[in-house]
Structures are given as structure tokens and as C-alpha cells.
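Report on one structure; see the data block that follows.
The values are calculated or read from the model by the stated rules, or taken from the named source; none is laboratory data. Everything numeric in this text was worked out from a predicted model, so none of it was measured. FYI the Cβ positions are ideal-geometry reconstructions off the backbone, even for glycines, and counts take in every protein chain you see.
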Amino acid sequence: MNNKTSHNQTKLTSALSFFQSTNNPDIVTGIDRLTDTFLQQDKVSSGLNSQELQQKFNVISVPKHGISQNDFLQEVEDLVSAHSVNTGSPYFIGHMTSLLPNFIRPLAKLKIALNQNMVKLETANAATFYEKQALAMLHKEVYQLDQAEYKNCILDPSKSLGVVTSGGTIANITALQCARASSLVADVEELGIHSVLQQSGLSKSVVIVSELGHYSIKKSLSLLGLGKQNMLTVKVDSQQKIDLDELRTTLLHCQKEKVHVMAMIGVAGTTECGSFDPLIEMADLAEEFGHYFHVDAAWGGPLIFSEQYRSLLNGIERADSVTIDGHKQLYLPMGTGIVLFRNIDMAAAIANEANYIIRRNSHDLGRIAIEGSRPANIFYLQAGLKLFGKQGYAEILDANITTAALMAEEINKSNDFRLLTKPQSNIFLYHYIPGQLRNKVDWSEIEHQKINEFNVQLQEEQKSRGNTFVSRTTISHESSEPMVALRVVIANPLSTFQHCLSVLQEQRKIAKEMEEAI
Ligand SMILES: *Cc1c(COP(=O)(O)O)cnc(C)c1O
């Protein structure tokens, strides 16, 4: 018998077998076990640092023959899941990523089993209208058009309420792509920014946002051909909101210098400290100067459901476009973003066609999406909106804001921690002040630096212990010296005030050890 042939044949059979049976018992039980192990841990992370981790991933070759399923699972367990971050831990209160609701995992199975491709009707069909319906539901919360207009929108393929994207970044880029077309000529899509500006006798085009704007705005400018340096930032006031006087000055300056303003952007929930720009005043200015107005509500958008905090978003209904991230405060898995358009005809300017795939005047969602093939994450969005309802989301978001306020109050009345930003929602900044520098206000530059270094070390040590977590940033406003800040994000609905106190307690313990070691 020819050994080689028989070997090849077994391999061929085993590759095909991955497609033949719908249920692969080894993988199913293995994955269930890994999932349970991961979710049952108390730790936030294994604490392995990136140097140690790198070493584990330095074998680079695709195996000639597939490895066994058990070996594969073992590798996933030992190398990846064991050192993954437990973003669902109630002690993980430093990032926008947190616990997912329990209906998501089974729903993900369905989504994957159906494997729809949202790019076009022929590969999505019902899911296309499922998505349009969800967009209409969200659009209505923000813009409150007539019921008839929403019906019309779902029926008429030339209208578009928005796009479901893989996240806030793509949502912002899509919005600014619309801003580019509607603030210049739609033909900019075809001709490119360079020749359009030249033809219009304009020197350059800029986007205006506060200094706390998300870095995805810069990315957008780079991709849209404006260049990152043409993001004009306006300083924020003592409440981390865009300074309206400086905004007006900037707008007047652009007008005088014949600089084209592609868009003004209001941030509704800054990534850094959860502050909300004054959207009504910004909308007034946008109207006065005739500029496109985008609201980046990637973080704060879901507060639209909260009776108590909806007012933070007042004016959002006047934005030409709005970004909302599903994978942040709508508690959906990674890869779910949304951009909404006030004018349902606006997106026609950025539509694409391709004979074999995206037909003109079709309902194909790929027509106005930056992404091509796209997963049916609409299952998650629909589930979130329908299972939580407005009330459910409001309950969770309101409670998180209360928890953040309690923790901030605790910090405010302590003498070792100092609050750096007052929470307007569920994100705020603070820092630790080492013993000998307390009860003093006018720190010298060197003392200032000492405090900063102390906080960097404190946060690093806390992270490496892997029990609790807050993140870290540097703020430059309010004081001339850049200030290292510890950043709290209360996103996990199961993070209580008690969990917050434990986080502070661990920081005090680490700080004490650090101070004794000096
Ligand atoms: C998170 C965030 C983004 C970017 O969203 P991704 O989903 O990470 O791409 C944009 N703007 C703001 C204000 C954000 O908080």
C-alpha cells in the first residue's frame, strides 16, 4: 500500500469533515469549558505583561497538516484565554468595554449559523429590512420624524436613515464623508478633494472639534484627503465642554481667511472624561455660519433613553449626522456602530454601485457603506432595543451615573485622592497625592512631576496585580502642567459602589507600599 496516498486521503477527508457535520462535539464541549473557566474567574487579568506575553507567540509557521482539535483548544486556553482581560469583571472600571447581557452569546450562535452578508439583499434579505427597521427605531428617538417618513424610508431604496458600521470610527468617517459631499459638491466623491477645492478657489478644508474630540476624527481627515493637520481643535472650559467663545472666534477666522469648514463636531460624552458639549449653542452656530454639524455620541448617545439625563443631548436633533456606538452603552458585542442622518436624501451623494453586487436603486445596504461584506450584527442591536426597551437602558445608565457620582464624592472627601473632573455622566478623572505633598496647592514643577510619576506607577502596579483596574490618561487643560490622571468608567451594570470602594482600597494599599519603599 502506498503510504503517501492513504495519508493524503485521510487529511482530505478530515478537512471536508469540518464542513460535513453541523455539530462538532470536541469543539463544542471544549469551547464551553473554556468559556466557563474564563467567566468564572475572579481576576481582572493574569497580570502577565506584554514582554512576557510576546515570548509566547514567536512560533511562526502554518502547520502542514492540521493539528488536533484538542491541541488547538489547549493552545487557545493556555496562551490566549488565560491571559485575556476579564472585561466583564465588576472591578474592571477603567474602559468603555464591559459585561455583555446574557442573551448575546446564544444570539451570536444564531447570527453565525445564518452567516448573512449585509452587503446586499441577495445574501441578507430579511436581515436587510431588520436593519432598516432598527435604524428607523433609533432615528425616531433622535430626530422624531413622522411615522409616514419612516415607512417611506423603508420602502424607498433611494432614502437612507443611516448605516450600521463596525464601530464609532467607521460611523464618524461615514458622517464626515457625507459632510464632505454636502459642504462642497457631491462630485467630490468622483473628483477628489484636491481638484474640488482648487476649482472653488478655496485654500483648504477643515473640521472643527474640541480638544477632547476622539482620535477617529483625525483618522477621518487623513482618509478623506484633508490631512490630520486640518482638524482645528477648540479648547474646553472648566467643565470640559467646548469653549463657545473660542469656537466663534475660530469660525470667524475661517470665514475671514476663506477656509472651507467641512464640519463642526459636537462630542456627546467625551471618551476622556464623559463631558457633553453644549449642542444647542453649537447647532445655533452651525446654522448661523451655514456649516455641517455632526454629533459624535459614540459614548453618550444611549442617554437618549434616559428621562433623567436626556437633556445632556438637547440639540442632538439638529445635527446633520449622529454617531452612536452599539458596543459601548447599548451593551452589544464589539463591532456594532451606528451613524444616523437627519436628511434621508443626504447619503445618496456617497452611494456606490457595482454591476455584479450593488445594484442601483436596490435596497442593498452596501450601497452607502464604507465596509463591504459585513456581519449581521443587527441581531444584537435589535435584541438590545427590544429586550431592554427604553426603560431598561435608562435604568442601567442612570444607575451607572449614580455609582460614578458616589465614587467621585468619596474621592472628593478623602485627602489622599483628588478629583480632577466632576463627573457629568459615568466617566471621571482623579489622581493620588503622596503623603508629603498633601494639603498644599502650589506644587513646584518638580513636585508636579513627582505626583505624575507616582500615579503612573500606581496604575501600572494595580494593572499588573490583576485584581482591579482603572485606566490612565494625561490631561493638559485647566492647569498648564500636563497632569497624569486615573480614569474611571462605570459601565458594568454589576459594578456597585462597594466594588468602587474596593478599587480605591487597593490603590491606597499599593500607594502605601510605594511610599514606604521610597
Ligand atoms: C469610542 C469612541 C469613538 C470610536 O469608536 P470605536 O467603536 O472605538 O471605533 C469615537 N468617538 C467617541 C466619542 C468614542 O467614545
**Request:** Considering each of K218, K132, K140 in turn, give the residue that is among the charged types (D, E, K, R), surrounded by fewer than 17 Cβ atoms within 10 Å (Cβ to Cβ) and more than 13 Å from H294 (Cβ to Cβ).
**Result:** K140
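Answer yes or no as to whether K159 is surrounded by fewer than 20 Cβ atoms within 10 Å (Cβ to Cβ), assigned to a helix (DSSP H, G or I) and touching a helix residue (DSSP H, G or I) at 6+ places or on another chain (Cβ under 7 Å). Spell out how you get there, then give the answer.
On the way: surrounded by fewer than 20 Cβ atoms within 10 Å (Cβ to Cβ): yes; assigned to a helix (DSSP H, G or I): no; touching a helix residue (DSSP H, G or I) at 6+ places or on another chain (Cβ under 7 Å): yes.
No, not satisfied.
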**Asked** in a loop (DSSP other than H, G, I, E, B) and touching a residue at least 24 places away in the same chain (Cβ under 8 Å) - does that describe any residue in the stretch 497-517?
**Response** no
**Prompt:** Can you spot a residue in the stretch 138-161 that is of a type in the set (D, E) and modelled with pLDDT of 95 or more?
**Reply:** yes
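This table checks each residue for (1) outside any loop (DSSP other than H, G, I, E, B); (2) of a type in the set (V, I, T).
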position	(1), (2)
Q51	yes, no
Q55	yes, no
V59	no, yes
L99	no, no
K109	yes, no
**Flag if A348 is part of a helix (DSSP H, G or I), within 28 Å of I193 (Cβ to Cβ), of a type outside the set (D, E) and away from the ligand (no atom under 16 Å from the Cβ)** = yes
**Prompt:** Taking only pairs six or more apart or across chains, which ones have beta-carbon atoms under 7 Å, a first residue in the stretch 210-239 that is free of Cβ contacts under 8 Å to residues at least 24 places away in the same chain, and a second residue that is assigned to a helix (DSSP H, G or I) and aliphatic (A, V, I, L, M)?
**Reply:** G227/L221; K228/L221
**Prompt:** Failed condition for Q239, given (1) within 16 Å of the ligand (Cβ to nearest atom); (2) under 30 Å from V488 (Cβ atoms); (3) among the polar types (S, T, N, Q), with all others met?
**Reply:** (1)
**Asked** Given the structure, is A127 in a helix (DSSP H, G or I), small (G, A, S) and away from the ligand (no atom under 14 Å from the Cβ)?
**Response** yes
**Message:** Within the stretch 78-99, does at least one residue satisfy the condition of being under 17 Å from A383 (Cα atoms) and within 16 Å of the ligand (Cβ to nearest atom)?
**Reply:** no
**Request:** For A491, indicate whether it is of a type outside the set (V, I, T), part of a loop (DSSP other than H, G, I, E, B) and in contact (Cβ under 8 Å) with a residue 24 or more places away in the chain.
**Result:** yes
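Being in contact with a strand residue (DSSP E or B) (Cβ under 6 Å, 6 or more places away or on another chain), hydrophobic (A, V, I, L, M, F, W, C), more than 30 Å from K109 (Cβ to Cβ) and surrounded by fewer than 20 Cβ atoms within 10 Å (Cβ to Cβ) is the requirement here; does L437 meet it? Before the answer, list the steps.
Working: in contact with a strand residue (DSSP E or B) (Cβ under 6 Å, 6 or more places away or on another chain): no; hydrophobic (A, V, I, L, M, F, W, C): yes; more than 30 Å from K109 (Cβ to Cβ): yes; surrounded by fewer than 20 Cβ atoms within 10 Å (Cβ to Cβ): yes.
So L437 fails the test.
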**Some residue of the stretch 404-423 being buried (at least 20 other Cβ atoms within 10 Å of the Cβ), β-branched (V, I, T) and part of a helix (DSSP H, G or I)** = yes
**Item:** Neighbours by Cβ (under 7 Å, 6+ apart or cross-chain): first from the stretch 354-367, among the aliphatic types (A, V, I, L, M) and outside any loop (DSSP other than H, G, I, E, B); second at pLDDT below 85 and surrounded by fewer than 17 Cβ atoms within 10 Å (Cβ to Cβ)
**Value:** I358/N352
**Asked** Which of (1) assigned to a helix (DSSP H, G or I); (2) over 30 Å from R487 (Cα atoms) is the odd one out, the single condition V119 does not satisfy?
**Response** (1)
**Message:** Step by step: first the residues of the stretch 313-340, then only those that are touching a His at 6+ places or on another chain (Cβ under 8 Å) and within 20 Å of V209 (Cα to Cα), then the one that is surrounded by the most Cβ atoms within 10 Å (Cβ to Cβ). Which residue is that?
**Reply:** T323
**Prompt:** Any residue at all in the stretch 348-361 that is closer than 17 Å to S158 by Cα and touching a strand residue (DSSP E or B) at 6+ places or on another chain (Cβ under 9 Å)?
**Reply:** yes
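For residues in the stretch 162-179 being of a type in the set (V, I, T) and in a helix (DSSP H, G or I), which is farthest from the ligand (Cβ to nearest atom)?
T174
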**Complete:** Pairs returned, first residue in the stretch 319-341 that is of a type outside the set (S, T, N, Q) and part of a strand (DSSP E or B), second residue that is modelled with pLDDT under 95 and more than 10 Å from the ligand (Cβ to nearest atom), beta-carbon separation under 6 angstrom, 6 or more apart or interchain, are F341/A347
**Complete:** Checked the stretch 447-477 for anything over 23 Å from the mean Cα position of the chain (by Cα), farther than 21 Å from N415 by Cα and either assigned to a helix (DSSP H, G or I) or of a type in the set (A, V, I, L, M, F, W, C) (or both); matches are E460, E461, S464, R465
**Message:** Can you say whether G300 is away from the ligand (no atom under 15 Å from the Cβ) and buried (at least 21 other Cβ atoms within 10 Å of the Cβ), as far as the supplied structure shows?
**Reply:** no
**Message:** I'm trying to understand the selection: among the residues of the stretch 261-284, which are crowded, with 21+ Cβ neighbours inside 10 Å and away from the ligand (no atom under 16 Å from the Cβ)?
**Reply:** V261, M262, A283
**Message:** With the structure loaded, tell me whether I217 is hydrophobic (A, V, I, L, M, F, W, C) and closer than 21 Å to R342 by Cα or whether it fails that test.
**Reply:** yes
**Message:** Within the stretch 314-332, take every residue that is aliphatic (A, V, I, L, M) and within 13 Å of the ligand (Cβ to nearest atom) and give me the one that is farthest from the chain's Cα centre (by Cα).
**Reply:** V322
